[in-house]
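Nothing in this text is a laboratory measurement; each read-out follows from the coordinates by a stated rule. Being a predicted model, the structure only gives us computed values, none of them experimental. Counting neighbours? That spans all protein chains shown, and the Cβs are built from the backbone with ideal geometry, glycine included.
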Amino acid sequence: MPSLHHGSVRNLLAHTVSVYRWWLDCCVKGLEMPQVEGSQYASLAALQAEFAGVDRMVRKFLRDHDGSIDTLRRYPVPWEEKPFAATPRWLFTQAVTHEFHHKGQITTIARQLGYQPVDTDLVAPRRWT
């Protein structure tokens with residue numbers, strides 16, 4: 001859909017992957033921002049594999065910041081002269097809310113194309129016994 005900022009569902013998903021990588025990995029380690037293009041992913045399976053990697057990265061990020069999730073830190077970002085001050089909780093929240101924003105766009109695109117998207121609301125956690 002040419003009217004979309006990222007042009008397609010695939011590109012929105014690739015952008016979401018890059019946002020997680022940026023905030024929870026590159027920003028924390030002072031690495032360059034990843035250049036991710038939707039065209040890098042030839043199939044849905046390739047994107048699913050990337051999201052599996054993002055899931056592992058999120059778990060590691062949360063483990064690494066267990067006990068310090070609200071500690072203010074400074075992170076270098078390429079678009080600012082001074083380091084960016086934030087807590088790990090803020091970085092995590094930024095990435096997750098960004099994903100949900102794009103999830104809403106993707107479900108809207110699906111409806112505009114005549115598809116009925118699956119329910120994307122969060123479900124109550126299951127109790128494991």
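Test of understanding: given the chain, find the longest segment containing no chymotrypsin sites (Phe, Trp or Tyr not before Pro) that are in a DSSP loop and have at most 15 other Cβ atoms within 10 Å. Intermediate values should be presented prior to the final figure.
Details: sites that count: TRP79, TYR115, TRP128.
Between the exposed loop sites, the longest stretch runs 1-78.
Stokes-Einstein diffusion coefficient for the chain at 20 °C in a medium of 1.002 mPa s, Rh from the Kirkwood formula over Cα pairs: what value in µm²/s?
Once the numbers are plugged in, D ends up at 131 µm²/s.
What is the dipole size for region 9-112, taken about its Cα centre, with +1 at each Lys and Arg Cβ and -1 at each Asp and Glu Cβ, in debye to the nearest 20? Mind showing how you got there, number by number?
Values: 13 positive and 11 negative charges, 39 e Å.
Magnitude of the dipole: close to 180 debye.
Tell me the net charge near SER18. Cut-off is 10 Å between Cβ atoms, SER18 excluded, with +1 for each Lys or Arg and -1 for each Asp or Glu.
-1
Obtain the nm distance between the two label points defined at GLU32 and ARG63 by a simple spin-label model: each point lies 7 Å from its Cα along the Cα-to-C-beta direction.
Modelled inter-label distance: 2.9 nm.
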